[in-house]
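Note sheet for the following structure.
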Amino acid sequence: MDRIEVLNSLPAEKLEADLLAVCAAPAWGAAVVARRPYGSRAAVMAAADAAARDLSWEDVLLGLSAHPRIGERAQGDSKEAAWSRREQSAAASSADDETTAALTAANHAYEDRFGHVFLIFASGRSQEEILAAARARLGNDEETERAVVAGELRKIALLRLERLLDALD
């Protein structure tokens with residue numbers, strides 16, 4: 001059985017639970033499950049992308065709830081914690097003390113300004129790049145930043161969905 005057949009055959013409750021580790025917004029997982037059966041990996045990814053784009057701001061905030069501050073190590077042995085550590089590993093290894101301190105300050109300034117954790121698609125980015133993005137995004141208005149955050153959450157969810165699909169057997 002190929003991976004898409006496995007995805008299509010999983011009980012809805014099991015798949016929704018797996019998808020919550022990908023994106024903690026239940027509406028996203030429910031939408032992906034509801035669009036089954038899928039004929040291809042591309043169809044799954046397109047449905048997941050569309051579902052992410054359809055999330056309300058409240059759903060996005062639920063999705064944010066599972067993400068640690070950038071630069072902080074996700075705790076626990078859950079799938080989402082492991083993915084978060086993996087996504088931030090390159091940035092963490094490139095950090096010096098000064099940059100780490102500046103990113104901590106930027107995280108706090110961002111949270112004070114917007115009321116939620118700073119979220120960025122960290123895979124492949126250095127801590128210096130992440131810091132520059134955090135500082136730049138502090139200048140965004142609320143509406144602009146909400147769109148950026150929703151986009152970052154979507155990119156993270158799609159990357160994690162690829163990993164989930166790769167692990168199905």
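The values are calculated or read from the model by the stated rules, or taken from the named source; none is laboratory data. Here the structure is a predicted model, which means the values were calculated and not measured. With ideal geometry, Cβ positions are generated from the backbone for all residues, glycine too; neighbour counts draw on all protein chains shown. Each accessible area value is taken on the protein alone, full model and side chains, heavy atoms only, with ligands, DNA and RNA left out. Shrake-Rupley method; radii C 1.70, N 1.55, O 1.52, S 1.80 Å.
Summary of computed values
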quantity	calculated
Per residue value of the accessible surface for the chain (all protein chains in place, 1.4 Å probe), Å²	49
Rough spin-label spacing in nm, given labels placed 7 Å along Cα→Cβ, for ALA105 and ALA34	4.6
Carbon and sulfur %, accessible surface of the chain computed with the full protein complex present, 1.4 Å	52
Descending semi-axes in whole angstrom, ellipsoid equivalent of the chain, from the Cα gyration tensor	30, 18, 12
